[in-house]
Amino acid sequence: MAEQMLAADGRPLKASLNRALRRQKMRALLLIAPLLLFIMLTFIVPIGQMLFRSVENQIVGDTIPRTVVALGDWDANTDPVPDDAVFSAFAKDLMIAVERKQHTRLGSRLNYETSGISSLFRKSGRRVDDIGEGYTDQFVAFDPAWEDPLTWATLFGDADWITAQAAWDGEGDEPAFVLSDDANEMLPRTADIYAAFAEVIQTENNDSPTEEQPWNVVYLALYEELRTYTGEPNYADLPGGEIIFAAEDAVRDFAPQSVRAAFADIDEDWEDTAVWQTIQTYSPAFTAGYFLNSVDLQKTPGGPAWQPENEQIYLTLFWRTMVMSLTITVSCILLGYPVAWMLANLPARKANLLMILVLLPFWTSLLVRTSAWKVLLQQQGVINDTLVWIGLVADDNRLALINNATGTIIAMTHILLPFMILPLYSVMKTIPPSYLRAAKSLGATNWTAFWRVYFPQSVPGIGAGSILVFILAIGYYITPEIVGGTKGVFISNRIAYHISTSLNWGLAAALGAILLAVVLLLYWAYDRIVGIDNVKLGG
Amino acid sequence: MSALPPYATTGQRIWHYSFRVIVGLILFFLIAPIIIIIPLSFNAQDFFTFTPEMLALNPEGYSLKHYRDFFTNQDWIRPLQNSLIIAPFATIISVSLGTLAAIGLSQSHVPFRRGIMAILISPMIVPLIISATGMFFFYSQMGLWMEANLGMSKSLTGYIKVILAHAALGIPFVIITVTATLVGFDQSLTRAAANMGATPTVTFFRVQMPLILPGVISGGLFAFITSFDEVVVVLFVGAAAQKTLPWQMFTGLREQISPTILAVATVLVAISILLLATVELLRRRSERLRGMSPA
């Protein structure tokens, strides 16, 4: 083997070169890093977060966790309405949610899936504090001590907390409630709801659990727990536990109150299988429901199914977006091709002059061009006035050019035309004019020479321009919003509607994700055909 | 499309001239809507079409009242000020970070060059409505975080949010124009400077920067106009206090359209003509500096 080549400093040449290369790479990356980080933070992460939102569904599990667990083994086929245990869990969840002012949000969320749930939640939220009142009365009738908030606080509060609470001087925040471990072990279900009560009382109402009588649902939970008491554990071990011991016998004689009947009394929709099926279907933390909705499907217990006929709008809207973008692209090709040809074949001085006519619209504010079309296309606008003046259109029969698909297509063709002309022009510029002359001198007619010789060479320009125009068109929002009326709007307008008006953000995110996928696919094609590096901006 | 040869047949002549007429009509379609709003903006009436007085060139049919409204009405002045606050800051961020990255990208050995390029260009590719949706969620949380932890006022975080969003949108334009300028940059010039003892910083500011400056400036103009003209993202990310000129125009167009919009549009057209002329001059200067075309 030959002697290893050495660099001036005595290292092997190969290692030395590698080191230099590595340093060069590092330097390049260091220069790029700040921007990459910036784009990641300000752009890529927000988009990723939006995509996550399209499948995220934690609100149901977070707001009504007990109900979600209780509904776990409910089967709508064997039992049209869930049993009392589910209703009881739901009463507790709803009570907490109402106090935390979360129930309307959950109601709106479920309302996207089954309409009517929002008002059902609102209505029930106003009356849920009465549920379990029957038990409260019976407990209090049995022993008035049950009415005393201190009885409860002593039973369920941690010894250290009780001491700290007693020592609290009323300045600043009261020590946060701590659940006693013993109570939690012996009366887990009551302890769970009492702890939630204490927390809500302290954080939402700025009150003390030692001064507020627990909600009726806490009495409900205690009744349920004592009702199924089997002799273990020994409640007397709890501080002040004698009162439970006494009550434990008495609850056998309490008159049972049906929670289900109480809910049915608030609104008979609670006996509707569909409502409970919706809650059950949308219990998991992640859902494909928004994506199904965005293609006019809905999630049902039996798998995806079509939405009712009158609610199917998204496929139509996607289809319309595609068709209109395609129409705009084709119009741009038809109008852009002759102009690009002319620009590429005129002497440089004249071509530069004409180029200004193309570049000026390109540089002009989008809002300016849209306002111009809004003004021109009106029924009393310049175009209709001119047509009436010429006599092409009767004064009482003016053309409807705006607030429909026609308006969108005219205005967007105008706005996107420079994006077609510029790539076409740069491709045509590279086609030597001598090819056409050669074809003609070999006997081709003008048309043959153009169609067989010139046109095939200009196809890459058409491809580049078309993809560019199409990508821009399908994501357009402003122009369709202003000149499109109801028949000329795109999927983007629907996304904006869900973000700002209906507040169905998950659906907006899912629609956005689908649109993004289409655009990225086209972008990938564009990259393969033209290359990202070859994107040119207005000369 | 040069002059018609003397031996052309009648058919060829007809085609030659009708083709020119067609192209003329298409160019008319491109330019007319922009030109026509200029005289309309001087309308003395609150109409959006030419009044008989205007057509008769009667001076009484014309007035500057819509311009007066633009420059005196707070509904328009506030947005104009906001636009003039937001766009320069966004441009500075895009240009400084974008130029550095473009120089990095144009080095000969850059790992993952394609991937990095795709990420940096993405704000231009992703439809604005999707960017706006994503930013809407993320930036509102970020704004709340800044208000809670950094003690910023609501109005300040509002501006920061919009500026950051617009800077992100402007970056692809800076990257594209600056890398295009750097393609023609002769790397032996930096080596020559280094050879003569210049430090990398001196080389950058005294040799490289003056040569790529035209590209940087036109990238900056693109970034500026992107922010100045942007409405979708600001609509979602900004609050009413950050209402920009395009936002105000958009509201005006959607709700009650007032003829003042035509005066605003005319002013904006004048600005675009200025910008277009600047970019064109810079492009020629850049080509001359790099010896790509005769002076």
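The values are calculated or read from the model by the stated rules, or taken from the named source; none is laboratory data. In this text the structure is predicted, and so the values were computed from the model without any measurement. Positions of Cβ are generated from backbone atoms using ideal geometry, with glycine treated the same way; all protein chains shown enter the neighbour counts.
Residue count for the range B:217-264 satisfying the condition of being outside any helix (DSSP H, G or I) and in contact (Cβ under 8 Å) with a residue 40 or more places away in the chain: 8. If only residues of the range B:221-241 that are of a type in the set (Gly, Ala, Ser) and farther than 25 Å from A:Ile47 by Cβ are counted, the one that is nearest to the other protein chains (Cβ to nearest Cβ) is B:Ala240. Search the range A:88-116 for residues being over 27 Å from A:Gln307 (Cβ atoms) and not in a helix (DSSP H, G or I), and hand back the single one that is nearest to the chain's Cα centre (by Cα). Only one residue tops the list, namely A:Gln102.
Number of residues in the range A:184-210 that are without any contact (Cβ under 8 Å) to a residue 40 or more places away in the chain, among the β-branched types (Val, Ile, Thr) and surrounded by 17 or more Cβ atoms within 10 Å (Cβ to Cβ): the value is 2. Given the criteria out of contact with any Gly (no Cβ under 8 Å at 6 or more places or on another chain) and in a loop (DSSP other than H, G, I, E, B), does A:Ile431 qualify? In short, yes.
Looking at the structure I just gave you, is A:Ala236 of a type outside the set (Val, Ile, Thr) and within 50 Å of the chain's Cα centre (by Cα)? Here the answer is no, as A:Ala236 does not meet what is asked.
So is A:Gly48 part of a helix (DSSP H, G or I), of a type in the set (Gly, Ala, Ser), out of contact with any Pro (no Cβ under 6 Å at 6 or more places or on another chain) and within 14 Å of chain B (Cβ to nearest Cβ) or not?
Judged against the criteria, A:Gly48 is a match.
Take B:Ala193 and decide whether it is buried (at least 18 other Cβ atoms within 10 Å of the Cβ), at pLDDT 85 or above, assigned by TED's automatic domain parsing to the domain that holds B:Arg113 and more than 30 Å from B:Pro246 (Cβ to Cβ).
Yes: the conditions hold for B:Ala193.
Put simply, of A:Ser500, A:Ser458 the only residue that is without any contact (Cβ under 8 Å) to a residue 24 or more places away in the chain, surrounded by fewer than 22 Cβ atoms within 10 Å (Cβ to Cβ) and assigned by TED's automatic domain parsing to the domain that holds A:Leu326 is A:Ser500.
To keep it simple, each residue is scored yes or no on (1) within 26 Å of A:Asn206 (Cβ to Cβ); (2) part of a helix (DSSP H, G or I); (3) assigned by TED's automatic domain parsing to the domain that holds A:Gln277.
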| site | (1), (2), (3) |
| --- | --- |
| A:Ser118 | no, yes, yes |
| A:Gln138 | no, yes, no |
| A:Trp152 | yes, yes, no |
| A:Ile162 | yes, yes, no |
| A:Gly170 | yes, no, no |
| A:Arg189 | no, yes, no |
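Is there a residue in the range A:428-440 that is over 30 Å from A:Ser500 (Cβ atoms), away from chain B (no Cβ under 11 Å), in contact (Cβ under 8 Å) with a residue 40 or more places away in the chain and of a type in the set (S, T, N, Q)? Within the range A:428-440 (the criterion being over 30 Å from A:Ser500 (Cβ atoms), away from chain B (no Cβ under 11 Å), in contact (Cβ under 8 Å) with a residue 40 or more places away in the chain and of a type in the set (S, T, N, Q)), the answer is no, since none of the residues qualifies.
Residue check: is B:Val232 aliphatic (A, V, I, L, M), in contact with a Leu (Cβ under 6 Å, 6 or more places away or on another chain) and more than 30 Å from B:Thr190 (Cα to Cα)? Taking the combined requirement at face value, the residue satisfies it. Evaluated against (1) within 12 Å of chain B (Cβ to nearest Cβ); (2) at pLDDT 85 or above, A:Gln380 falls short on exactly one condition, (2). Is it the case that B:Leu262 is more than 12 Å from every other protein chain (Cβ to nearest Cβ) and either surrounded by fewer than 18 Cβ atoms within 10 Å (Cβ to Cβ) or over 15 Å from the mean Cα position of the chain (by Cα) (or both)? Answer is no for this residue.
Checking A:Ala85, A:Ala70, A:Ala28 one by one, the residue that is in contact with a Gly (Cβ under 7 Å, 6 or more places away or on another chain) and either of a type outside the set (Val, Ile, Thr) or part of a helix (DSSP H, G or I) (or both) is A:Ala28 and no other. Remark: A:Asn403 matches the filter, which requires a residue to be touching a residue at least 24 places away in the same chain (Cβ under 8 Å) and of a type in the set (S, T, N, Q). Mind listing whichever residues of the range B:171-189 are among the β-branched types (Val, Ile, Thr) and at pLDDT 85 or above? B:Ile171, B:Val174, B:Ile175, B:Ile176, B:Thr177, B:Val178, B:Thr179, listed by residue number.
Just for helices (runs of 4 or more DSSP H) wholly inside the range B:40-137: which have at least 1 residues that are within 11 Å of another protein chain (Cβ to nearest Cβ) and at pLDDT 90 or above?
B:74-105, B:113-125
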